[in-house]
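Participant: Handing you this structure, nothing more for now.
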Amino acid sequence: MRVRTAQMVGTGTPGAPGVRVDVYVRPGDAKRALRAEVLEGLCGRPKELSPKWLYDERGSQLFDDITRLPEYYPTRREREILLAHAGDVARLSGADTMIELGSGTSEKTRLLLDAMEEAGQLSRFVPFDVSEAFLRRAAADLAREYPGITVHAVVGDFERHLGQLPGGGRRLVAFLGGTIGNFKPAQRALFLRELSAGLRPGDGLLLGTDLIKDRERLHAAYNDRAGVTAEFNRNVLRVLNRELGGDFDPDAFEHFAPFDEENAWIEMRLVSRCAQTVWLSTLRRRVDFAEGEVLRTEVSCKFRQAQVEAELAEAGLTLTEWWTDAAGDFALSLALKR
Ligand SMILES: C[S@@+](CC[C@H](N)C(=O)[O-])C[C@H]1O[C@@H](n2cnc3c(N)ncnc32)[C@H](O)[C@@H]1O
């Protein structure tokens, strides 16, 4: 695997002052991966795409808007837990390096960085995300806010590049926002095994998981009244239009995100409002949609403590702390590599 380190190679925009940026997902690779996935996922049945394609620059911005919606409780609940326990995380992990997978804006993570800095133990922050432009901006902001530390951003896909996580020091990997719920169970087990395999005894994982709760609140969180989640979901069609020369009309698809009781996951769907045919010129493919046909764009699994603990143990990680917000909506687990 070749890595493009922005300051050294100079392709793409250089890293901001004080930021090192390693790029494992080059635009050409991403396009090839998207093509392969679309051939399989859009031309098969049921139609399905990976949620990572939701997060181009506009999608990342829309997700950030979602985190402030009144119905979207996970971000507020996770922040509440971090406000109460960031100091405990710093102390119990003993980490000097914070790695954040799917880091986005790293907004809540600042609570952890502050606690580690206050304890005099923070030396390095590694935000890791697939969304390059957004990550570069976030990393530049963080380097300005924490001038005493190394900010080493990694543009990578956490399904392919966990082996590239920087080593050295005592590391705490944060995986927040309930993003782990976007894996289906088999993918999740594989992800946890691979992540754990790259950790050394004493390294830690701080994992945010959304918990099973009242169906109406779950439904409201993913079907907000202002339609921001709908716009976020439909954004994937704009990505396909741009990257694959598609002619999707995003308004010809309805956003719907029901809770699937059997799988205990929210399923984000785009439902074709009519029978229609879409042309993807780069692939020279027609894709037919029947009226009411579903394209699944994301699942978001909801959890219970025993399940999280068992899945961590299966991957060689020992749950040492389980914190929830006062309402019991969301949980943060601290697990250590055995
Ligand atoms: C649900 S958002 C969470 C953002 C932030 N951690 C939070 O808690 O608000 C998921 C984040 O993971 C990133 N992401 C999604 N799939 C990814 C992948 N396969 N590899 C790396 N990052 C990914 C997205 O770009 C986005 O920033």
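Participant: So in the range 129-147, with the set limited to residues that are in contact with a Phe, Trp or Tyr (Cβ under 7 Å, 6 or more places away or on another chain) and within 13 Å of the ligand (Cβ to nearest atom), which one is nearest to ALA16 (Cα to Cα)?
Facilitator: The selected residue is SER131.
Participant: Filter the range 202-220 down to residues that are outside any strand (DSSP E or B) and closer than 22 Å to GLY169 by Cβ and give me whichever is farthest from the chain's Cα centre (by Cα).
Facilitator: Out of the qualifying residues, it is GLY202.
Participant: From the list ALA84, ALA95, ALA36, exactly one residue is of a type outside the set (Lys, Arg), farther than 24 Å from LYS302 by Cβ, more than 12 Å from the ligand (Cβ to nearest atom) and in a helix (DSSP H, G or I). Which is it?
Facilitator: Only one candidate qualifies: ALA36.
Participant: In the set LEU112, LEU92, LEU190, which member is surrounded by 20 or more Cβ atoms within 10 Å (Cβ to Cβ) and not basic (Lys, Arg)?
Facilitator: LEU112
Participant: For the range 104-115, give me each residue that is over 14 Å from THR150 (Cα atoms) and without any contact (Cβ under 8 Å) to a residue 60 or more places away in the chain.
Facilitator: Hits for the range 104-115 are THR105, SER106, GLU107, ARG110, LEU111, ASP114, ALA115.
Participant: Can you pull out every residue in the range 39-54 that is among the small types (Gly, Ala, Ser), more than 22 Å from ALA174 (Cα to Cα) and not in a helix (DSSP H, G or I)?
Facilitator: Result: GLY44, single match.
Participant: Sticking with this one: Closer than 26 Å to PHE330 by Cβ, of a type outside the set (Phe, Trp, Tyr) and in contact (Cβ under 8 Å) with a residue 12 or more places away in the chain: is that true of GLU243 in this structure?
Facilitator: No; evaluated as a whole, the condition is false for this residue.
Participant: Looking only at residues in the range 160-183 that are among the small types (Gly, Ala, Ser) and buried (at least 20 other Cβ atoms within 10 Å of the Cβ), which one is nearest to the ligand (Cβ to nearest atom)?
Facilitator: GLY177
Participant: If you don't mind, another one. Given the structure, is ASP29 in a helix (DSSP H, G or I), open to solvent by less than 60 Å² (accessible area, probe 1.4 Å), within 10 Å of the ligand (Cβ to nearest atom) and not hydrophobic (A, V, I, L, M, F, W, C)?
Facilitator: Spelling it out, it is not the case that ASP29 is in a helix (DSSP H, G or I), open to solvent by less than 60 Å² (accessible area, probe 1.4 Å), within 10 Å of the ligand (Cβ to nearest atom) and not hydrophobic (A, V, I, L, M, F, W, C).
Participant: I'm checking my understanding of the structure. Among residues of the range 39-54 that are open to solvent by 20 Å² or more (accessible area, probe 1.4 Å) and of a type in the set (Lys, Arg), which one is nearest to the ligand (Cβ to nearest atom)?
Facilitator: Selected residue: LYS52.
Participant: Within the range 55-81, can you find the residues that are outside any helix (DSSP H, G or I), of a type in the set (Asp, Glu) and either within 13 Å of the ligand (Cβ to nearest atom) or within 17 Å of the chain's Cα centre (by Cα) (or both)?
Facilitator: ASP56
Participant: Only one of GLU194, GLU243, GLU254 is among the acidic types (Asp, Glu), within 26 Å of ALA153 (Cα to Cα) and more than 14 Å from the ligand (Cβ to nearest atom). Can you tell me which?
Facilitator: Criteria check complete, one pass: GLU243.
The values are calculated or read from the model by the stated rules, or taken from the named source; none is laboratory data. Since this is a predicted model, take the numbers as computed values, not measurements. Counting neighbours? That spans all protein chains shown, and the Cβs are built from the backbone with ideal geometry, glycine included. Calculation scope for accessible area: heavy atoms of the full protein, side chains included, ligands and nucleic acids excluded. Shrake-Rupley method; radii C 1.70, N 1.55, O 1.52, S 1.80 Å.
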